[in-house]
Amino acid sequence: MTTLRFAPVAGLVVGLGLASAGAAAAAEITVVASIKPVHSLTAAVMQGAGTPHLIVQGGASPHSHALRPSDAAALQRADVVVWVGEGLESFLAASLDALARDARVVELAAAPGLTRLGLREGGAWDGHQDGHEDGHDEAPAEAGHDEEKAHGQDHGRDGIDQHFWLDPLNARAMVEAIAAALITADPENADLYAGNAQRVSRDLAQLGEEIARELAPVKEVPFVVFHDAFQYFDARFDLANVGSVTVNPEQKPGAARLREIRAKIAELGARCVFAEPQFEPRLVDVVIEGSAARRGMLDPIGADLEDGPGLYFALMRANARALRDCLGGSS
């Protein structure tokens, strides 16, 4: 397994003319991507040179996934593997060492230019609390430190929240890292990858501006999420996410946590509580019972969206639309 040293795409293609995204590839390399948003951005950079293999498909959760035989075979053949990192897809770490020894592995958590936020502690917090790379938020509220510890193991490494793809500016940094790896592994298609990366980066900048305009009217309306996967989305678009129903998505919240969330919904006037398609939605019905809060749906990975280069854009727009529709009406 080759540990990738990232380099700017421009520095790898100095003197090369940019080819169109539809240019024919001289040879197809084998690329594996871990989760759907990562696969989507990788597929966008690869257009015209092949299609990456996706490991975590459909609505499966990267927190509890198991490799299929076809995934193991793809890793053994891989020239490039793209993943978030051990803090998210912990199931994949040992397999990379065992099966992808000859692959160039791109750990996006280490990508240059990435904004990294610290894990938010506890299931409820007041107002906008953005994490910091080397800092911590307030001490956990009544929730149980064991649950918080499990959250750190499943969602972050070294205290960093791993859901960074939900910021379009971070997606641009990811695209740069993916393109750099592909150019190094497949230099014959360097200009194709660089041209695709430049196009996708422009589209991501426009996407961020579009979502900011769409959410501006509701950015001060408080809401609660199922689990804290949306900190980067909240921070980029200045949203009033006031808490999560559960910290560790694989562990059901106890009675104390549910009481805490009900109280926080009442105290801060949370207009919506958002479920996720990957996890048990009935918990949302439990916490909004007897309140005026509405039930919505947010999805951090695109469970029901078609795989491919357009998934990332569809995912971000769907989440923005879900927030606007639920938060925008009168309570």
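Please treat every number below as a calculation from the coordinates, not as lab data. What you see is a predicted model, and the numbers here were worked out from it, not measured in a lab. Positions of Cβ are backbone-derived with ideal geometry, glycine not excepted, and every protein chain shown enters the neighbour counts.
Full extension of the segment from Arg282 to Ala255, taken as 0.36 nm per residue of separation minus the current Cα-Cα distance, would add 8.3 nm.
Label positions at Ser64 and Ala263, each projected 7 Å from the Cα along the C-beta direction, are separated by 2.9 nm. With an a/c value of 1.5 or above and a/b not larger than b/c for the gyration tensor axes a ≥ b ≥ c computed over the alpha-carbon atoms, the range 158-247 is described as oblate. Distant-in-sequence amide contacts of Ile160, defined by a placed amide H-H separation under 5 Å and a gap of 5 or more residues or a different chain, comprise Leu119.
Put simply, the amide H of Phe274, placed in the peptide plane, has neighbours under 5 Å in Val224, Val225, Phe226, Gly296, leaving out anything fewer than 5 places away on its chain. Relative to the current alpha-carbon distance between Arg295 and Lys219, full extension at 0.36 nm per residue lengthens the span by 25.6 nm.
Applying Stokes-Einstein at 4 °C and 1.567 mPa s to the Kirkwood radius of the range 214-331, computed over alpha-carbon pairs, gives a translational diffusion coefficient of 90 µm² s⁻¹.
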